[in-house]
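The structure appears right after this line, and notes come after that.
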Amino acid sequence: MQSSAYGASLAGGAFDVVHFVKQPQTILRCLSWLFSIVVFATITAEGYINQTKDQDAKCIFNANESACSYGVGIGVLAFMACIVFLIVDAYFPQISNAKERKVIVLGDLVFSGVWAFLWFICFCVLANQWSKTPDSTEDVAGDAARAIVTFSFFSIITWGLLCFFALERYRQGVNEFEQEYRDPANDQSTPYPPSPYASSGPTGYQQSPFSNNQEQPGEYQPPAY
């Protein structure tokens, strides 16, 4: 079990509410969650108006239904994704498996990057369509349209920062994993200790300590009484 893999320093430890709330990811997810509510709720509530000649409600962004539908879809999905990732972030310190953490961080990285790009498209589309909207519509729904465009732009920043922090967590986890599981055979900084049985050089033959006491062959020694 790793104690500091992919940005979690207390794997398997108790949940710290204060530390969780102060995390940059938590603050950015809450802001992204709030911005998404503003976008899709404003479009749903005030994004359609009735023209004088038409009975059906039209989108305030140059009567382009695709623009309003795109903003609502991106906002609703971002709203649900923020809730899911907040739950995952709260449970993340309890995960002791480095592979599971890697999958979660990679998912966060990819999703945040994709959603930052989708919010950028949403901002460009809404701003472009609003610039082509007739003045009569601007007088009626100008504040709502400007709020939608503004918070779409803010969402680009928050999701981009979430992607950046996810990338930092991934890099941190990869570096810690390499340090934790470095192959000793390829590690030149910690060589193997010398063998205690290694000799400094060849040694010559040493005579047995009992050689002087050995009897010469052919000589008889009478026993002493």
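The values are calculated or read from the model by the stated rules, or taken from the named source; none is laboratory data. Keep in mind it's a predicted model, so treat the numbers as computed, not measured. Backbone-built Cβ (ideal geometry, glycine too); neighbour counts: all protein chains shown. Accessible surface is based on the protein model in full, side chains and every heavy atom, while ligands, DNA and RNA are left aside. Shrake-Rupley method; radii C 1.70, N 1.55, O 1.52, S 1.80 Å.
Identify all residues within segment 1-45 that are among the hydroxyl-bearing types (Ser, Thr, Tyr) and modelled with pLDDT of 90 or more; write none if there are none. If the condition is that a residue be among the hydroxyl-bearing types (Ser, Thr, Tyr) and modelled with pLDDT of 90 or more, then Thr26, Ser32, Ser36, Thr42, Thr44 are the ones that fit. Of all residues being surrounded by 18 or more Cβ atoms within 10 Å (Cβ to Cβ) and at pLDDT 85 or above in segment 128-153, which is farthest from Cys68 (Cα to Cα)? Just the residue, please. Here the answer is Phe151. The criterion of being outside any helix (DSSP H, G or I) and in contact (Cβ under 8 Å) with a residue 24 or more places away in the chain does not hold for Phe79. Restricting Ile74, Ile60 to those that are under 14 Å from Val125 (Cα atoms), under 22 Å from the mean Cα position of the chain (by Cα) and buried (at least 16 other Cβ atoms within 10 Å of the Cβ) reduces the list to Ile74.
Summed over segment 154-199, the residues that are basic (Lys, Arg) and either open to solvent by 80 Å² or more (accessible area, probe 1.4 Å) or modelled with pLDDT under 60 (or both) give a count of 2.
Within segment 148-159, the set of residues being under 18 Å from Val125 (Cβ atoms) and not hydrophobic (A, V, I, L, M, F, W, C) comprises Thr150, Ser152, Ser155. Evaluate segment 103-115: report whether one residue or more is modelled with pLDDT of 95 or more, part of a helix (DSSP H, G or I), within 30 Å of Gly142 (Cβ to Cβ) and open to solvent by less than 70 Å² (accessible area, probe 1.4 Å). For segment 103-115, residues modelled with pLDDT of 95 or more, part of a helix (DSSP H, G or I), within 30 Å of Gly142 (Cβ to Cβ) and open to solvent by less than 70 Å² (accessible area, probe 1.4 Å): present. Here Met80 passes the criteria (1) open to solvent by less than 40 Å² (accessible area, probe 1.4 Å); (2) at pLDDT 95 or above except the one numbered (1).
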